[in-house]
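*Asks:* Below: one structure in structure tokens.
Derivation of every value follows stated rules applied to the coordinates shown; laboratory data play no part. Nothing here was measured: the structure is a model prediction, and the numbers come from that model. Here the Cβ positions follow ideal geometry from the backbone for every residue, glycine too, while neighbour counts run over all protein chains shown.
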Amino acid sequence: MILSLRESLQDCKDTLASCQTEVEAAKSEIQKWRSVFEKESFIPPGMTPEPKFLVSYLLNLRSSEESLREQFERAKKKESAFIVTFAKREQEIAELKSAVWDLRAQLKPPSM
């Protein structure tokens with residue numbers, strides 16, 4: 001019985017050591033993120049990066065990104081439409097130039 005209690009105690013100590021290692025790793029990760037956010041310009045000087053503030057900021061960024069993507073897609077569609085219109089105008093100009101040359105050729109007196 002004493003042996004099983006000792007084994008159980010040792011298992012608990014091992015589990016505790018493992019959990020403490022995980023906690024230290026998590027604390028290190030949190031500190032890394034905290035220092036990254038403290039260096040960012042969107043956090044006012046002297047203010048700590050509160051999770052609520054950061055979540056709000058990140059949601060705002062996501063919304064802005066989606067809006068910019070939509071604007072980009074609309075701009076690409078407009079650009080495509082302008083390219084088609086431009087190509088049509090170039091074709092019209094080429095046809096008009098050809099018509100002008102034909103008219104000039106008709107107006108020239110026949111060579112003797």
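*Asks:* Could I have the simple spin-label model distance between Glu73 and Lys39, label points 7 Å from Cα toward Cβ, reported in nm to one decimal?
*Replies:* Computed distance between label sites Glu73 and Lys39 equals 3.5 nm.
*Asks:* Under 17 Å between alpha carbons, and skipping anything fewer than 8 positions from Lys108 in its own chain: which lysines qualify?
*Replies:* Result set, ordered by chain and number: Lys97.
*Asks:* Setting aside same-chain residues fewer than 8 positions from Lys13, which lysines have a Cα under 22 Å from its Cα?
*Replies:* Lys27
*Asks:* Next up: Using helices alone, what [θ] at 222 nm do you get for the chain, with -39,500 (n - 2.57) per DSSP H run of 4 or more residues, divided over all residues and rounded to the nearest 500?
*Replies:* That comes out to -31500 deg cm²/dmol.
*Asks:* Right, something else. Which of the lysines could be linked to Lys77 by a straight reach, that is with a Cα gap under 24 Å, when you skip same-chain ones fewer than 8 residues away?
*Replies:* Lys77 reaches Lys88.
*Asks:* Further, regarding this structure: Rounded to the nearest 20 debye, what is the charge dipole size of the range 5-112 about its Cα centre when +1 sits on each Lys and Arg Cβ and -1 on each Asp and Glu Cβ?
*Replies:* With only Lys, Arg, Asp and Glu charged at Cβ, the dipole is about 760 debye.
*Asks:* Given the options Ser8, Ser64, Gln31, identify the residue whose Cα lies farthest towards the positive end of the charge dipole of the chain (+1 on Cβ of Lys, Arg; -1 on Cβ of Asp, Glu).
*Replies:* Ser64
*Asks:* If you place +1 on the Cβ of every Lys and Arg and -1 on the Cβ of every Asp and Glu, how big does the dipole about the Cα centre of the range 72-112 come out, in debye to the nearest 20?
*Replies:* Result for the range 72-112 is approximately 140 debye, rounded to the nearest 20.
*Asks:* Once R0 is set to 41 Å, what does the formula 1/(1 + (r/R0)^6) return for the Cβ-Cβ distance between Glu65 and Ser18, expressed as a FRET efficiency to the nearest 0.05?
*Replies:* According to the calculation, E is roughly 0.55.
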